[in-house]
Amino acid sequence: MKKILITGATGQIGTELTPALRNKFGNENVFAIGHKRRPDPNLHASGPYYSLDIRDCHGLETIVAAHDVDTIIHLASLLSATAETQPQQAWDINMNGLTNVLEISRRQQCAVFFPSSIAAFGPTTPSDNTPQDTIQRPNTMYGITKVSGELLCDYYYQRFGVDTRGVRFPGLISYKAIPGGGTTDYAVHIFYAALREQHYVCYLRPDTRLDMMYMPDAIAAIMQIMESDTTALAHRNGFNITAMSFTPEQLAYEIKKLIPEFTITYTVDPVRQAIADSWPRHMDDSVARAEWRWAPQYDLAAMVREMLDSLS
Ligand code: VAH
């Protein structure tokens, strides 16, 4: 990777990934693309930023060609809960956006990172120790775009030789950007509520177990897979990766160790509960560990400590 373009750079991952890549490769070599969400002032000030709808293929290709981009980190998409409120728009943005990125990468010889998700699995997938290769029948539009994206990325590698790579992210937790429209967002909002009101009303049931990851591990995973030896990648797109698996009840318990007065109550949102119930409780990520040495650094206690320290 030398000249990198990040779509969705103003989102939860992009807000943290963009400065990390600029630190490593030079501000002028990392091109941030945003659209709906206003960019973090530092992101805008620290290097090239373009406001562009990901469905504008010509506009995107013009930027890629003008700057001789060699790698596209494609993060632009509507997340799970939002996608259920506007499924046709979600298909349009998530799939036509990815198709544009893959077509441009085919013509401009770019490598592509595509973030799949635990959402690429569905209610018939084994939900404990979910295997790398298993049933994928998601029943959410977001999940359908993710499994379709995995297959499209595999196709562009096999048919056109585009160097596509990707992972299945769990819920991501960061203090640098508030997530928008996701089902796992509770695991971020709870920290703000704990510090401000010492109370949080959770929209998922207390026993809803989901895979999660602290953002520094997610950033490391993107860099590591994109810089790994391509000949060692038997699987290319959609590697299961996780760092921890917990329930809202367990997260609240960990927060209470540091904020004893913190309390949590539950008002379940049936839409987001149904989405969460269709996802695995815990994935087996041994294939990523074997093929490109995936190794998360943060567990639940370390993440909680750092989130509360950073937001205090
Ligand atoms: C969502 N945060 O909740 C995203 C993610 C695994 C979940 O893809 O939609």
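The values are calculated or read from the model by the stated rules, or taken from the named source; none is laboratory data. Just so it is clear, the model here is predicted, and its values are computed rather than measured. All Cβ positions, glycine included, derive from the backbone under ideal geometry; neighbour counts span all protein chains shown.
Observations on the structure shown:
- Against the numbered list (1) more than 18 Å from the chain's Cα centre (by Cα); (2) touching a residue at least 24 places away in the same chain (Cβ under 8 Å); (3) surrounded by fewer than 20 Cβ atoms within 10 Å (Cβ to Cβ), HIS282 comes up short only at (1).
- Qualifying residues in segment 49-67 (those that are not in a helix (DSSP H, G or I) and not basic (Lys, Arg)) - the one nearest to LEU17 (Cα to Cα): TYR49
- Residue in segment 150-164 that is under 15 Å from the mean Cα position of the chain (by Cα), within 14 Å of the ligand (Cβ to nearest atom) and in the same structural domain as HIS67 (by TED's automatic domain parsing) present: yes
- When residues in segment 68-82 are screened for being part of a loop (DSSP other than H, G, I, E, B) and aliphatic (A, V, I, L, M), 5 of them pass.
- Residues that are touching a residue at least 40 places away in the same chain (Cβ under 8 Å), away from the ligand (no atom under 13 Å from the Cβ) and farther than 20 Å from MET244 by Cα, drawn from segment 177-201: TYR192, ALA194, LEU195, GLN198, HIS199, TYR200, VAL201
- Test: residue in segment 48-71 that is under 21 Å from THR183 (Cβ atoms), surrounded by fewer than 23 Cβ atoms within 10 Å (Cβ to Cβ) and not assigned by TED's automatic domain parsing to the domain that holds ALA274: no
- Of all residues in segment 202-211 being hydrophobic (A, V, I, L, M, F, W, C) and under 24 Å from PRO260 (Cβ atoms), the one that is nearest to the ligand (Cβ to nearest atom): LEU204
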